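The values are calculated or read from the model by the stated rules, or taken from the named source; none is laboratory data. As the structure is a computational prediction, the values presented were derived from the model and not from experiment. Every residue, glycine among them, receives a Cβ derived from its backbone with ideal geometry; neighbour counts consider all protein chains shown.
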Amino acid sequence: MSNNYNWKELEYDVDAVLEQHQENRAIIDAVRPLLQRLLANDDLIPEAYQAPLPNKYAQYLLYKPENESFSVIAFIWGPGQTAPVHDHLVWGLVGLYRGSVIEKRYRREDHGRLADPRYSIREVSEVTAKQGDITFVYPPDYDIHGVSNPFAEQAITVHIYGTDIGKQERHIHDVETGKSRDVITRHDNESPIYS
């Protein structure tokens with residue numbers, strides 16, 4: 001990473017945010033400028049990690065501190081690649097490093113314990129995010145989304161989450177049936193690229 005802003009500085013800055021703020025929205029607002037600094041670095045992602053996988057988007061862990069209080073991940077999206085509708089159960093930010101993606105946001109509407117289905121997922125917005133744009137997720141109301149790259153060029157997104165998201169149990173949601181299944185989306189690399 002650039003000499004202007006290294007990973008230990010990022011760790012120090014995120015730790016300071018987490019000491020000062022407990023609410024998800026306040027954390028998001030305070031970490032956003034830190035992600036902007038990362039996105040400005042042309043050498044952030046080594047070339048060997050910039051190619052999409054043939055069958056799905058790639059998920060590479062760039063950095064996490066020892067205590068796993070946050071993680072930085074690069075997602076490499078080939079043309080036509082899509083992530084299913086999912087939640088995170090933790091705060092997070094998504095920055096567009098290269099290319100563009102479409103993000104659809106959803107809201108869960110509960111129907112009661114005895115209803116079948118117990119809840120439904122309703123699309124509430126759609127945005128096309130371009131290089132430099134930053135969006136966010138956090139539970140409960142801003143946590144469910146789907147991301148896709150319907151464009152001809154690949155896209156790269158850089159994410160900061162409030163845990164190691166490659167170990168976080170969360171859910172994939174079926175919008176049609178209102179059902180969900182547990183999932184852990186593991187990283188495609190064994191250890192962080194940067195330590």
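Under the condition of being charged (D, E, K, R) and within 17 Å of ARG186 (Cβ to Cβ), which residue from segment 37-68 is surrounded by the most Cβ atoms within 10 Å (Cβ to Cβ)?
Across segment 37-68, the extreme among qualifying residues is LYS64.
Can you tell me which condition ALA155 does not meet? The list is (1) touching a residue at least 12 places away in the same chain (Cβ under 8 Å); (2) surrounded by fewer than 20 Cβ atoms within 10 Å (Cβ to Cβ); (3) in contact with a Phe, Trp or Tyr (Cβ under 7 Å, 6 or more places away or on another chain), and all the others hold.
(2)
Condition check: aliphatic (A, V, I, L, M) and buried (at least 21 other Cβ atoms within 10 Å of the Cβ). Does VAL137 satisfy that?
yes
Can you tell me which condition VAL127 does not meet? The list is (1) out of contact with any Asp or Glu (no Cβ under 9 Å at 6 or more places or on another chain); (2) among the hydrophobic types (A, V, I, L, M, F, W, C); (3) touching a residue at least 12 places away in the same chain (Cβ under 8 Å), and all the others hold.
Failing condition for VAL127: (1).
Return a yes/no flag: does segment 112-122 have any residue that is touching a Gly at 6+ places or on another chain (Cβ under 9 Å), of a type in the set (D, E, K, R), surrounded by fewer than 19 Cβ atoms within 10 Å (Cβ to Cβ) and under 24 Å from ALA40 (Cβ atoms).
No, segment 112-122 contains no residue that is touching a Gly at 6+ places or on another chain (Cβ under 9 Å), of a type in the set (D, E, K, R), surrounded by fewer than 19 Cβ atoms within 10 Å (Cβ to Cβ) and under 24 Å from ALA40 (Cβ atoms).
Which strands (runs of 3 or more DSSP E) does segment 127-183 wholly contain that include 2 or more residues that are over 13 Å from the mean Cα position of the chain (by Cα) and aliphatic (A, V, I, L, M)?
none
Given the criteria acidic (Asp, Glu) and at pLDDT below 95, does ASP87 qualify?
no
Quick one: what pairs do we get from segment 42-63, first residue in contact (Cβ under 8 Å) with a residue 24 or more places away in the chain and among the aromatic types (Phe, Trp, Tyr), second exposed (fewer than 11 other Cβ atoms within 10 Å of the Cβ) and assigned to a loop (DSSP other than H, G, I, E, B), C-beta under 9 Å, 6+ apart or different chains?
Pairs found: TYR63/SER195.
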